[in-house]
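Student: Below is a structure I'd like to ask you about.
The values are calculated or read from the model by the stated rules, or taken from the named source; none is laboratory data. Since the model is a prediction, treat every value here as computed from it, not as a measurement. Because the Cβ atoms are built from the backbone with ideal geometry, glycine has one as well, and the counts that use them run over all protein chains shown.
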């Protein structure tokens, strides 16, 4: 086995180490500091790129709605997390129609967790006259349509108390979004978290527990 040893470089004449020049030391420190600032400057855009986008924040943010102009019997639709949310101002007749047909419903007491605890009641709402619900059928995600009581709609029957009908597969829900028995939809319509900021301002997507 043959090993070779390279000669170590020898300092050139007149190049012996000398004491560091104070001005040169200052220049080196300044250069290094400038490099550090540049590195920090490039890090800011990189970190900000990991922050949620405006669109992502909007998709998960609560939605404030003014319901002052919503007349009794009317329904308005807003979007929350890409889903249609219905807001219905129910009349006294619509509220009265919520009783008397429990035997026809799959979950009349709303025992399944399709609503916040404060909406686990007959009206499925915090204020009886204001109904807030996600307008998506719990079967395959179709969008039902509102069908009022006394409608001549051929798919709901003569004793229809008013509510919602899904044309895709025939699921029916009463005026509180409770599904009727023997229908494709397995659960009641979902009530999103919500709370009132005032008598006329509603916040969807956030409640007092948030």
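Student: Just to be sure I understand, how many residues within region 144-185 are outside any loop (DSSP other than H, G, I, E, B) and more than 14 Å from residue 100 (Cβ to Cβ)?
Tutor: Of the residues in that region, 8 qualify.
Student: Additional query: Using the structure shown, decide if residue 188 is at pLDDT 90 or above, part of a loop (DSSP other than H, G, I, E, B) and on the phi > 0 side of the Ramachandran plot.
Tutor: For residue 188, the condition - at pLDDT 90 or above, part of a loop (DSSP other than H, G, I, E, B) and on the phi > 0 side of the Ramachandran plot - is not met.
Student: Surrounded by fewer than 22 Cβ atoms within 10 Å (Cβ to Cβ), in the same structural domain as residue 95 (by TED's automatic domain parsing) and free of Cβ contacts under 8 Å to residues at least 60 places away in the same chain: does that describe residue 198?
Tutor: yes
Student: Could you tell me whether any residue of region 146-166 is closer than 22 Å to residue 69 by Cβ, surrounded by fewer than 19 Cβ atoms within 10 Å (Cβ to Cβ) and in contact with a strand residue (DSSP E or B) (Cβ under 7 Å, 6 or more places away or on another chain)?
Tutor: Yes, the conditions are met somewhere in region 146-166.
Student: Now a separate question. Which numbered condition trips up residue 129, out of (1) touching a helix residue (DSSP H, G or I) at 6+ places or on another chain (Cβ under 6 Å); (2) surrounded by fewer than 16 Cβ atoms within 10 Å (Cβ to Cβ)?
Tutor: Residue 129 satisfies all of (1) touching a helix residue (DSSP H, G or I) at 6+ places or on another chain (Cβ under 6 Å); (2) surrounded by fewer than 16 Cβ atoms within 10 Å (Cβ to Cβ) except (1).
Student: Could you please give the count of residues in region 92-109 that are closer than 16 Å to residue 70 by Cβ and either crowded, with 16+ Cβ neighbours inside 10 Å or modelled with pLDDT under 95 (or both)?
Tutor: The qualifying residues number 2.
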